[in-house]
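One structure is given here, and the rest of the page talks about it.
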Amino acid sequence: MGEITGRSTVTGIIGHPIAHSLSPVMHNAAFAELGLDWIFVPFAVEPGRLGQAVEGLRALGVAGYNVTIPHKVAVMEFLDRISPEAELIGAVNTVRLADGVLTGHNTDGIGFLASLETDLGLKPAGLSVLVLGAGGAARSALVALGLAGTARIALCNRSGDKAAELAGELAPRLPGCELAAHPAERLADPGFVGSFDLLVNTTSVGMRGDWFPGLTLPQGGRGPAVYDMVYAPPVTPLLARAGELGLPAANGLGMLVAQGEAAFRIWTGVQPPQGCMAAALARRAAVGKS
Ligand code: ATR
């Protein structure tokens with residue numbers, strides 16, 4: 001990282017806790033590689049102080065920041081404008097300050113689609129997709145897939161009522177996409193699971209080496225491609241099983257990188273160097289293991 005001067009532009013991330021965020025590693029590497037006099041700083045912001053923090057960052061002229069757990073929804077009321085996609089998703093993960101105006105964006109969906117294409121070679125148009133989960137991560141996946149021309153999305157969640165509620169809310173707002181909730185029990189039917197082109201896990205299942213209750217992948221290599229938004233551990237039981245069955249599979253690391261790349265473009269107006277953020281994460285992971 002270069003010297004910080006009075007001319008340096010500051011960006012960052014707000015969340016709580018924030019100590020384990022990998023975003024500073026990615027963004028500072030890209031600023032350095034491009035020779036930009038910009039820095040990225042993590043800020044731990046307690047939930048009760050979010051409004052003060054947003055006004056403080058505005059007053060300090062912080063050019064942009066990421067927003068993470070638990071502030072992605074709550075931050076919206078403190079911003080001046082919300083992008084249409086962030087409005088649909090109902091959450092903001094990226095804020096830009098320009099001419100005194102704070103605009104909220106959501107790059108999780110763009111990051112997800114970019115990773116689908118890079119890591120699985122899939123474009124959503126015309127696909128049939130099975131989505132597990134009904135939280136914030138599911139919302140960004142549904143909106144991104146729906147806006148990108150996915151033909152059919154089935155939503156399954158442990159708590160079926162949440163899936164039904166989410167599908168009911170978003171279906172009318174995603175015309176052209178057949179979006180419906182299904183009971184989680186259907187996941188035990190390999191014929192049902194095998195009828196999709198793509199299976200996406202948006203839940204935290206797999207982070208502790210666990211398996212989505214009842215889920216049965218079809219045998220014989222005729223199942224869906226599998227995208228698991230979890231990236232730690234890098235190979236969840238779902239990804240391991242998909243590998244055994246010969247199904248194309250990818251973890252969420254590509255989405256983490258691509259959402260960061262999209263935020264970087266929003267703030268700086270330039271593309272981060274190809275592969276720079278991913279390489280920075282890989283170096284950090286190697287150090288973490290030594
Ligand atoms: P996020 O914003 O990251 O999506 P969230 O809003 O807390 O997080 O949602 C977590 C999702 O993971 C939910 O769909 C949750 O299912 P419930 O709605 O039934 O709680 C799902 N989830 C978490 N742990 C799970 C488990 N052990 N088995 C199945 N689903 C699980």
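So what J values fall out for segment 15-24 if you push phi through Karplus, 6.51 cos²θ - 1.76 cosθ + 1.60 with θ = phi - 60°, rounded to Hz, Gly and Pro as x?
Calculated HN-Hα couplings, in order: x, 7, x, 10, 4, 9, 4, 9, 4, x Hz.
Pairing the Cα long axis of helix 160-170 with the longest principal axis of the chain, what angle in degrees results, from 0 to 90 and rounded to the nearest 10?
Taking Cα atoms only, the helix is inclined about 60 degrees.
If you average the C-alpha positions of segment 31-53 and of segment 163-182 separately, how far apart do those two centres end up, in angstrom?
35
Provide the per-residue ³J(HN,Hα) series for segment 139-152, in order, calculated from phi with Karplus coefficients 6.51, -1.76, 1.60 and θ = phi - 60°, each as a whole number of Hz, with x at glycine and proline positions.
Couplings: 4, 5, 5, 4, 5, 4, 5, x, 6, 8, x, 4, 6, 8 Hz.
List the pair-distance distribution P(r) of the chain, using every Cα-Cα distance, as the percent of pairs falling in each 10 Å bin from 0 up to the bin containing the longest distance, rounded to whole percents.
6, 28, 34, 22, 8, 1, 0
Is the shape of segment 147-290 rounded, prolate or oblate, going by the alpha carbon gyration tensor and its root eigenvalues a ≥ b ≥ c, with a/c under 1.5 for rounded and a/b larger than b/c for prolate?
The shape class here is oblate.
Across all directions of projection, what mean area in square nanometres is found for the Cα convex hull of segment 1-129?
Averaged projected hull area, Cα only: 9.5 nm².
What shape does segment 96-145 take by its C-alpha gyration tensor, where a ≥ b ≥ c are the square roots of the eigenvalues and a/c under 1.5 counts as rounded, a/b above b/c as prolate, and the rest as oblate?
Prolate.
Which value in nm describes the separation of the simple spin-label points at residue 125 and residue 244, placed 7 Å from the Cα toward the beta carbon?
Going by the 7 Å Cα→Cβ label model, 3.8 nm.
For the chain, set up a GNM with springs between Cα atoms under 10 Å and report which of 95, 73, 129 has the largest fluctuation.
Ranking 95, 73, 129 by mean-square fluctuation puts 73 first.
Give me the dipole magnitude in Debye, nearest 20, for the chain about the Cα centre, with unit charges on the beta carbon: positive for Lys and Arg, negative for Asp and Glu.
The dipole of the chain has a size of about 320 debye.
What's the extension gain from residue 69 to residue 188 if we count 0.36 nm per residue and subtract their Cα-Cα distance?
So the chain would gain 39.7 nm between residue 69 and residue 188.
Cut-off is 10 Å between beta-carbons; in what order do 156, 276 appear when sorted fewest neighbours first?
Listing 156, 276 from fewest to most nearby Cβ atoms yields 276, 156.
Can you compute the FRET efficiency between residue 158 and residue 232 using 1/(1 + (r/R0)^6), with r the Cβ-Cβ distance and R0 = 35 Å? Round to the nearest 0.05.
FRET efficiency, residue 158 to residue 232: 0.95.
Multiply the residue gap between residue 99 and residue 55 by 0.36 nm, knock off their C-alpha separation, and tell me the result in nm, one decimal place.
14.4 nm
Rounded to the nearest 10 degrees, what's the angle between the helix 253-268 long axis and the longest principal axis of the chain, both from Cα atoms, 0 to 90?
Its long axis makes an angle of about 40 degrees.
Taking other Cβ within 10 Å of each residue's Cβ, how do 257, 101 sort, fewest first?
Lowest to highest Cβ neighbour count: 101, 257.
Between residue 210 and residue 7, with labels modelled 7 Å along Cα→Cβ, what's the label distance in nm to one decimal, could you check?
5.3
Beyond 18 Å, what share of the Cα-Cα pairs of segment 29-94 remains, rounded to the nearest whole percent?
42
By how many nm would the segment from residue 34 to residue 117 grow when fully extended, if each residue of separation counts as 0.36 nm and the alpha-carbon distance is taken off?
Between residue 34 and residue 117, full extension yields an extra 27.4 nm.
Using DSSP to call loops (not H, G, I, E or B), can you name the trypsin sites (Lys or Arg not before Pro) in segment 137-171 whose Cβ has at most 16 other Cβ atoms within 10 angstrom?
Those satisfying the criteria are 158.
Sum up the charges of everything whose Cβ sits under 14 Å from the Cβ of residue 152, counting Lys and Arg as +1 and Asp and Glu as -1, but leave residue 152 out.
-2
Which ³J(HN,Hα) values in Hz, rounded to whole numbers, follow from the phi angles of segment 232-246 under the Karplus curve 6.51 cos²θ - 1.76 cosθ + 1.60, where θ = phi - 60° and Gly and Pro get x?
Once θ is set to phi - 60°, the couplings for segment 232-246 become 9, x, x, 10, 7, x, 4, 5, 5, 5, 4, x, 4, 8, x Hz.
Can you tell me the 0 to 90 degree angle between the C-alpha axis of helix 276-289 and the longest principal axis of the chain, rounded to 10?
80
All of the numbers you see were taken from the coordinates with simple rules; none came from a lab. All of these numbers come straight from a predicted model, not from anything done at the bench. Counting neighbours? That spans all protein chains shown, and the Cβs are built from the backbone with ideal geometry, glycine included.
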